[in-house]
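The values are calculated or read from the model by the stated rules, or taken from the named source; none is laboratory data. Keep in mind that this is a model prediction, so the values were computed, not measured. Every residue, glycine among them, receives a Cβ derived from its backbone with ideal geometry; neighbour counts consider all protein chains shown. Ligands, DNA and RNA are excluded from the accessible area calculation, which covers all protein heavy atoms including side chains. Shrake-Rupley method; radii C 1.70, N 1.55, O 1.52, S 1.80 Å.
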Amino acid sequence: MSSNNENWLYEITPQRKLIDLNFKEIWRYRDLLILFVKRNIVTVYKQTILGPLWYFIQPMFTAITFTLVFNNIANIPTGEVPSFLFNLTGITAWNYFAQCLTGTSDTFRSNAGLFGKVYFPRVIMPLSNVITNLFKFGIQIGVLLVAYLWVVFSGVDLNPNSNLLLFPIYILMMALTGLGLGMTISALTTKYRDLTVLVGFATSLLLYISAVPYPLAEVDKEMPDYAWIVQYNPLTHIIEGFRYMVLDSGMFSWFGFSYTLVFSVLIFLLGLIIFNRTEKNFIDTV
């Protein structure tokens with residue numbers, strides 16, 4: 001029996017490590033991962049009128065709405081940066097995180113039929129969602145670049161700073177945070193289905209305490225007693241740091257950056273542990 005075991009390509013077993021992200025197995029199923037990514041990109045807007053144009057329309061109209069409400073009506077200043085560009089920059093970063101979170105948070109329930117029929121590394125599904133959203137993020141970065149160049153050619157003096165070198169790390173932090181929280185919620189929704197409704201509400205609420213529609217400095221100035229709620233939110237440092245490196249405006253600290261990086265790694269590892277534990281018996285409860 002032992003000699004036969006040595007000839008097996010791989011073994012499917014419920015016994016897994018506490019933290020198990022088998023890169024070798026994921027690489028073996030890379031074609032399936034690519035297939036899921038293509039499916040996600042094509043099917044989302046397959047039967048829509050405007051199709052992929054929604055990738056452009058959504059951040060533009062959200063930025064316009066924020067500009068009208070927060071800057072024109074509520075008179076929240078954005079310094080030397082035009083309000084529209086300020087909002088578009090924050091929304092572009094926020095959208096990637098939010099889409100990773102919401103897309104991953106229903107992994108087990110939405111794919112129960114597939115998971116119950118065939119084996120493949122389950123973590124491929126949330127990973128495919130993160131990669132798909134990276135494609136969308138790239139398009140929205142292009143929209144941001146066009147808006148940025150338009151503002152610069154209009155005579156506004158804007159210059160990105162050396163923190164732009166941290167751009168890949170900011171993407172990684174957004175992906176890990178969204179993936180970790182999403183996998184945790186996905187595991188919980190196998191037993192508590194009403195959490196699916198809560199995710200949309202909580203994500204919308206989280207946007208307003210993550211300094212997306214306003215500068216972090218304004219919180220310190222206008223509400224010093226409650227500023228800690230925003231300051232200790234890791235997502236605040238991602239949004240503020242993203243705007244700082246692109247617009248050279250806002251607040252940046254290496255403590256906030258390091259704190260957010262550590263948090264994103266820890267929340268991802270926690271989500272992976274919970275996801276792997278739920279994977280063993282979720283089909284009985286979903």
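Within the listed set 56, 23, 86, the Gaussian network model of the chain (springs between alpha-carbon atoms below 10 Å) gives the highest mean-square fluctuation for 23. The simple spin-label model puts a point 7 Å past each Cα toward its Cβ; for residue 119 and residue 253 those points are separated by 5.0 nm.
Out of the chymotrypsin sites (Phe, Trp or Tyr not before Pro) in region 158-211, which ones are loop residues according to DSSP with at most 13 other C-beta atoms within 10 Å?
192
Name the residue from 205, 95, 271 whose Cα lies farthest towards the positive end of the charge dipole of the chain, charges +1 on Cβ of Lys and Arg and -1 on Cβ of Asp and Glu. Positive-end residue among those listed: 271.
For the chain, modelled as a GNM with alpha-carbon contacts under 10 angstrom, which of 229, 41, 124 fluctuates the most? Largest GNM mean-square fluctuation: 229.
Each Lys and Arg Cβ is given +1 and each Asp and Glu Cβ -1; about its Cα centre, the chain then shows a dipole of about 1120 debye. Using R0 = 35 Å, the C-beta based FRET efficiency linking residue 111 and residue 149 works out to 0.30.
Starting from the residue with the highest accessible area, list 174, 223 in decreasing order, probe 1.4 Å.
223, 174
According to the Kirkwood relation over distinct C-alpha pairs, the hydrodynamic radius of the chain is 20.5 Å. Quick one: angle between helix 30-44 and the longest Cα principal axis of the chain, in degrees between 0 and 90, rounded to 10, please. Roughly 50 degrees, rounded to the nearest 10.
Only Cα pairs under 8 Å and 6+ residues apart enter the sum, and on that basis the relative contact order of region 159-286 stands at 44 percent. With respect to the chain, whose longest principal axis is taken over its alpha-carbon atoms, helix 167-189 is tilted by about 50°. Loop-located chymotrypsin sites (Phe, Trp or Tyr not before Pro) across region 106-143 with a Cβ neighbour count of 11 or fewer within 10 Å are 119, with loop assigned by DSSP. Each of residue 225 and residue 28 was given a label point 7 Å from its Cα along the Cα-to-Cβ line. The distance between the two points is 6.0 nm. The simple spin-label model puts a point 7 Å past each Cα toward its Cβ; for residue 69 and residue 218 those points are separated by 1.3 nm. Were the residues from residue 161 through residue 43 laid out at 0.36 nm apart, the gain over their Cα-Cα distance would be 38.7 nm. In percent, rounded to a whole number, the relative contact order of the chain is 26, using alpha-carbon pairs under 8 Å and six or more apart.
Sorting 28, 243, 122 by solvent-accessible area of protein heavy atoms yields 28, 122, 243, largest first, with a 1.4 Å probe. Region 187-211 and region 149-184 have Cα centres separated by 24 Å. Which of these, 73, 169, 267, has the largest mean-square fluctuation under a Gaussian network model of the chain (Cα springs below 10 Å)? Most flexible of the set in this elastic network: 73.
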